[in-house]
Each structure stands twice: as C-alpha cells, then as structure tokens.
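Each remark here refers to the structure printed beneath this line.
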Amino acid sequence: MPHGRVGVSQGAAGATLALCALLVAAPCRAQDMPPPQLECAAAILIDPETRQVLYEHNADEQRPVASLTKMMMALLVAESGDLDRTIVVSSRAAAVGETTMHLAAGEEIKLRHVLTGAMLASANDAATACAESVAGSVEAFVDLMNRRAVELGMARTNFVNPHGLHDDSHLSTARDMAILGLHVMGRPELRPIVRLREATVPWPGRAGDRKLVNRNQLVERWDACDGIKTGYTRQAGRCLAASAYVDGWRLVCVVLDAKDAWMDSQMLLQWGFNSYYKVALVSREVTRASIEVRRGVRDAVDARAAEDVIAVLPRTRQPEDPMLLDHVCDAPVRAGQVIGGLGMAMPDGTTRSVDLIALEDVPRSPWAIIIDEQWSLGAMAAVLALAVGVLAHGALAEAVGARRGR
C-alpha cells in the first residue's frame, strides 16, 4: 500500500506534539540517565497503561515472593463483590500464625475490615479468612488463585496458599508480580486500602478497635507512593510491590530479595519518572488526516483516528510521525466509515496500525452517477443482446436439424 505523511491541516506531527505538551511530566534531559544500582535479586519497572517494561533485572526468575501473594488474594476478594458483607472467622483461619490481626474463631466481622488487615498489617489469619469467605475453603481458593494467574498471563507463578508463608512450591517472578500489581491498582475497591498509612477496624469483645499500620514504609516516606504490598520471609527476603503516582502518571515496580526494598523501589520509580515520558502517538481527539475521494462531490474528506495509541518514550527521543497507509477512497463515503489507516513504529520495535474514520458524508458526484447508470444500461443491453443471440442460435440450430431429418 502507498505510504505518506498524514495530510492534515494540523498534521500528525503537530497533533502528537500538541498532546505531548499535555502528557510530558518534566522537560527533556540532554542525555539518557543510567538506571540506579539496585541491591536486589530481581526487579522490574512497568507502565500499567501500555504494559511497557522500562527496567528489568532477573524479572523471569522464579523465586519465593512471601506476602506479595496477598495481592492475588485481594484481587479475588474484590472481584467477588460486596466487601461490606459480614463473615464468620473459622477456627482454621484464627489458628494461622506469625503475622496476624488476632482474629478469634467465631468472630463476626466485615470482609472489608479483614481485607484491610491482610493488606496493611499483612495478617495471615486475615488472608485465610478472606480466602474461605470467597471460595468456602483454602484449597478451593488456591485453585481460583492459580486459574486467575493463568488468565492474567502470569506464566511462571504457582500458588500453594493465600498468604505467602513459605512453601518450596509457592513461587513467582518479578514480572508476574508486577502484572498482578497492575490489576490490584486497577480496582477502585483496593486503591483506597493499599494507600492508607494506618486504619482502625472493630475488635468485638475489646474496649477499643484494632489499629492496623501499613507495613509499606514507602507510603509514609514518599507522598507519591500509593501502594501496594510488602513481603518478607527468611527464604524470600525483603520484597515490595510499589506504585507511585506523579503528575497524572502511575508507574509500578517490584523488587525481590532486596537489601533495602524501600530505597530500591523509590530510586527505581523516580528514575522512571525522570527518564521517560508518556505521549499519545495518535489521538482520537487531535489526530486528523485528509483522505482523497474518487468520484465524489468533493475531492477529499477529513478523518480521525479510531483510537488512542499511547507510548512511553525516553526523554531523549521524540515520537515519530504516523504514516498514512491508505490515502484514497471511493465515494460514496458515510460518516463513521473506515476509509484508511495510520501506521506507526512502537517503542519495542514493532509496528501498529489504526483505522481512520470519516468525519462526514461524501455522496457520489452527479457525473459519477451518470457514468455508473450508463455503464449499467450498457451492461444490461450487452447481457440482453447475448441472451437474444443464444436463443436465436438455438432456434436456428433446431430448424436446421429438423430439415436434415426429412
């Protein structure tokens, strides 16, 4: 197909640059900033909207992930609905040890409060109670966890329990945990919980409420941090899935087995914000193209992109102009009709195309209608003449045959 620059009154380059001004968080640097030196076994930094990976180190290495597991527990609880329903704590849940919120067997408590205990205080009894409330048993809930992991594309994850206490078969990766973190931060029920510095929930039979303190110290240290989950066991080391929101842009990172998970995560997130910017390569609201129309009452029609295409680029790199894949169409054209396409290079080296949608009708020109009608009449006449000829030929052949038979 022919390629060319987008022919518009405000060209694709102008459209992209206009939108850049809205999306760039800070001025461009003169040179690339090297990534920070992290002291962890594995790490990843990812943009949730585009899924672009901005940094990775041993991101696909299977490792124990401790209480980062509770992100999957929380996601399934949120997806089950009605966090304000009351649940009854089982003796099995109340008996789960190490970090707890001191749930008692038979205690009646809202699911939301137990979920808050699991995510802020990393309470293992709370995670177990949540699991039983959703699936009826821990075993059934673990099956749900693993099925959901497959659905999310967490290809190297295997869950054995809902809380993350160590088991040699309970493994995941930094990449898989980042994918999970994106989905947790995508849930409006969970974002307000994981960003809390502390919370109080009822404690039946006691004079006061339970006080839950967020174990994620980065929420306290850095105002931009709004989640997500800590993890620690002797086998997993210090782990953290962290989210930060700066100037309307969220980034998510995961560090596993870190010497200082808070420092590593903050350095990695800040490096991401300082080294990259988000831009609309194509915008439904801004990107316009002029497409030539053959046989129409007008020679051209304006079209818009059918969807937004967002990318994250290094601050030293400018976005490339999209290219027209088709720049001619035939009348009649209807508003909303696909009449062409734009192609663009993506940051990962692949290419992507987006449909162009006509903004108005363009009827056929009177001359085109006349030509088409004349062509139709001529075609009909030719078909009729052919039919008459065939019939005449058949009649003549029949007559000749009859004479020969006398």
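Just so you know, all these numbers are worked out from the coordinates, no wet-lab data involved. What you see is a predicted model, and the numbers here were worked out from it, not measured in a lab. FYI the Cβ positions are ideal-geometry reconstructions off the backbone, even for glycines, and counts take in every protein chain you see.
Backbone phi angles across region 252-269, fed through the Karplus curve with coefficients 6.51, -1.76 and 1.60 (θ = phi - 60°), yield HN-Hα couplings of 10, 10, 9, 10, 10, 6, 9, 5, 9, 5, 5, 5, 4, 5, 5, 4, 5, 5 Hz in residue order; Gly and Pro are listed as x.
For region 32-49, putting each phi into the Karplus relation 6.51 cos²θ - 1.76 cosθ + 1.60 with θ = phi - 60° gives couplings of 5, 9, x, x, x, 8, 9, 10, 8, 6, 7, 7, 7, 10, 9, 8, x, 5 Hz, in residue order, rounded to whole numbers and with x for Gly and Pro. According to the Cα-based calculation, Rg over Rh for region 40-258 is 0.95, with Rh computed by the Kirkwood formula. Couplings 3J(HN,Hα) for region 136-151, derived from phi with the Karplus relation 6.51 cos²θ - 1.76 cosθ + 1.60 (θ = phi - 60°), are x, 7, 5, 4, 5, 5, 4, 4, 4, 4, 6, 5, 5, 4, 4, 4 Hz, where x marks Gly and Pro. Distance between the C-alpha centres of region 110-124 and region 302-354: 46 Å, rounded to the whole angstrom. Nearest 0.05, what FRET efficiency do Ala345 and Asp82 give at R0 = 56 Å with Cβ-Cβ as r? Working from the Cβ atoms, E equals 0.75. Since only Val279, Leu218, Cys253 are under comparison, the one whose Cα sits farthest along the positive direction of the charge dipole of region 172-330, derived from C-beta charges on Lys, Arg, Asp and Glu, is Leu218. Residues whose amide H lies under 5 Å from that of Asp308, counting only those 5 or more places away or on a different chain, are Arg284; hydrogens are built 1.01 Å from N in the peptide plane. Lysines within cross-link reach of Lys110: Cα-Cα under 20 Å, excluding same-chain residues under 8 positions apart? Cross-link targets: Lys70, Lys211. Each peptide in 330-337, 303-310, 140-147, 204-211 gets a packing score, the mean of other Cβ atoms within 10 Å over its residues, and the list from highest to lowest is 303-310, 140-147, 330-337, 204-211.
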